[in-house]
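Before any comments, here is the structure.
The values are calculated or read from the model by the stated rules, or taken from the named source; none is laboratory data. Predicted, not measured: the structure shown is a model, and the values here were computed from it. Every residue, glycine as well, gets a Cβ built from its backbone with ideal geometry; the counts of neighbours run over all protein chains shown.
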Amino acid sequence: MSLRVTFELRDSDLNHFRKIMREAGDVAAEHSTEEVLQSAHGLLESVKKVDLPDFVRGRLENIKILLEMLEDAEWQLPEEETERVMNALAYFAEPEDLIPDHVPGLGFLDDAIMVELVCREFRFEIQAFTRFCRMRAAEEQKGSGHMLDKDAREKWLAEQRKMLVAWMRDRRHRDRSRRSRGSGRSPFSLF
């Protein structure tokens with residue numbers, strides 16, 4: 001038997017998470033890229049060792065795609081987006097949480113909420129990266145000649161990146177314009 005629980009985050013709640021995200025941006029400035037990435041990887045490792053509700057575990061595991069986006073040398077996420085993702089991941093570099101992680105069953109709830117908000121914020125980046133990975137895998141599986149020649153591969157990857165980054169930025173711009181009509185930010189935007 002399963003039970004569905006929903007709750008609503010009001011503007012004041014979202015403002016609280018935005019404040020936390022701004023503070024996380026300050027944390028990102030204090031830590032190296034490697035430290036922030038290591039902390040996010042550490043969170044994923046610690047989640048494996050803890051018995052968590054599925055709704056929390058599933059959301060925390062979405063951090064993986066953000067890490068993959070940053071660490072995939074062929075994707076080469078542009079600097080503007082890299083900085084935004086690093087600021088989001090910096091939240092997980094801080095040991096102090098709204099709900100301490102050691103509280104059974106609920107300790108990672110605030111992290112799960114933040115991951116949900118972050119994934120919504122970066123949905124176009126995630127979609128673009130996922131498409132890039134699928135296209136690259138399909139081309140590699142075909143054994144296409146341009147994927148075997150190093151220079152041709154780099155050229156093909158650059159073309160795909162350029163197309164997908166343009167798509168991602170266009171979608172993000174259109175979504176913000178459509179949803180906010182003047183404020184420049186979607187209702188759940190963290191930045």
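So in the range 1-27, with the set limited to residues that are among the polar types (S, T, N, Q) and either under 25 Å from E83 (Cβ atoms) or modelled with pLDDT of 80 or more (or both), which one is surrounded by the fewest Cβ atoms within 10 Å (Cβ to Cβ)? Checking each candidate, the answer is S12.
Among the conditions (1) among the acidic types (D, E); (2) buried (at least 19 other Cβ atoms within 10 Å of the Cβ); (3) at pLDDT 85 or above, D111 misses just one, which is (3). With respect to (1) modelled with pLDDT under 90; (2) more than 22 Å from L9 (Cα to Cα); (3) surrounded by fewer than 18 Cβ atoms within 10 Å (Cβ to Cβ), the lone exception for F55 is condition (2). Within the range 134-159, residues that are outside the structural domain of L77 (by TED's automatic domain parsing) and surrounded by 10 or more Cβ atoms within 10 Å (Cβ to Cβ) have Cβ atoms under 8 Å from residues that are small (G, A, S) and at pLDDT below 85 in these pairs: A152/G145, counting only partners at least 6 apart in sequence or on another chain. Whether a residue is modelled with pLDDT of 95 or more and surrounded by fewer than 18 Cβ atoms within 10 Å (Cβ to Cβ) was assessed, and R131 passes this test. Out of V56, V36, V50, V85, one residue alone is of a type in the set (A, V, I, L, M) and either outside the structural domain of M114 (by TED's automatic domain parsing) or in a loop (DSSP other than H, G, I, E, B) (or both). It is V50.
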